[in-house]
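Chemist: Sharing a structure with you now.
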Amino acid sequence: MVDAYRLVLEMAMRLKSGIWVAAYVRRCHVEGAFSAVRRRGADEAGAVYIKVNRLDGTGILYGPAPQAVFEEAQPASRIFTVIVGREVPAPEADIESRLVREIRYDPDLWIVEVEDRAGRHFLDNAVV
């Protein structure tokens with residue numbers, strides 16, 4: 001009984017932000033895109049923002065999806081939403097000003113920048 005409870009608890013725990021970011025950066029590199037951690041946040045549970053730089057002065061900013069989006073069946077998943085640039089890629093200045101506001105609100109956040117002319121984000125099915 002104790003082992004079953006421990007297994008359920010471990011499955012429900014979210015992967016630490018530092019580990020998730022390291023794996024994400026590796027995934028981007030494997031796919032042939034340059035990525036780098038621009039801002040290191042709280043290792044345990046800092047929010048993660050992904051800036052996709054299209055190398056033409058535009059990009060897209062992804063951030064944590066609202067809690068209402070999470071399914072009870074997957075409480076440990078990281079789900080992202082487009083914060084800036086949903087319809088068309090936004091000017092980099094718009095993305096940077098939004099990041100400044102987010103940092104003022106939550107100084108423990110992570111920022112990962114991906115450079116990809118095609119605008120690929122490598123978040124698989126984690127974007128709503």
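Chemist: Mind checking which residues of the stretch 56-81 are of a type in the set (D, E, K, R) and at pLDDT 95 or above?
Modeler: ASP56
Chemist: For ILE95, state whether it is under 13 Å from the mean Cα position of the chain (by Cα) and modelled with pLDDT of 95 or more.
Modeler: no
Chemist: Return the pair list, or none, for Cβ contacts closer than 6 Å from residues in the stretch 37-57 that are outside any loop (DSSP other than H, G, I, E, B) to residues that are of a type in the set (D, E, K, R), at least 6 apart or on different chains.
Modeler: Going by the 6 Å Cβ cut-off, the qualifying pairs are ARG38/GLU113; LYS51/GLU113; ASN53/GLU113; ASN53/GLU115.
Chemist: Considering only residues that are outside any loop (DSSP other than H, G, I, E, B), charged (D, E, K, R) and surrounded by fewer than 15 Cβ atoms within 10 Å (Cβ to Cβ), which ones fall in the stretch 97-128?
Modeler: ARG101, ARG104
Chemist: Condition first: closer than 14 Å to GLY59 by Cβ and either of a type outside the set (Lys, Arg) or under 15 Å from the mean Cα position of the chain (by Cα) (or both). Now tell me which residues in the stretch 103-123 satisfy that.
Modeler: ILE111, VAL112, GLU113, VAL114, GLU115, ASP116, ALA118, GLY119, ARG120, HIS121
Chemist: Determine which single condition GLU31 fails, assuming it passes every other condition in (1) of a type outside the set (Val, Ile, Thr); (2) surrounded by 15 or more Cβ atoms within 10 Å (Cβ to Cβ); (3) in contact with a Phe, Trp or Tyr (Cβ under 7 Å, 6 or more places away or on another chain); (4) modelled with pLDDT of 95 or more.
Modeler: (2)
The values are calculated or read from the model by the stated rules, or taken from the named source; none is laboratory data. Just so you know, these numbers come straight off a predicted model, no measurement behind them. Quick reminder, even Gly has a Cβ in these numbers, built from the backbone with ideal geometry, and neighbours come from all protein chains shown.
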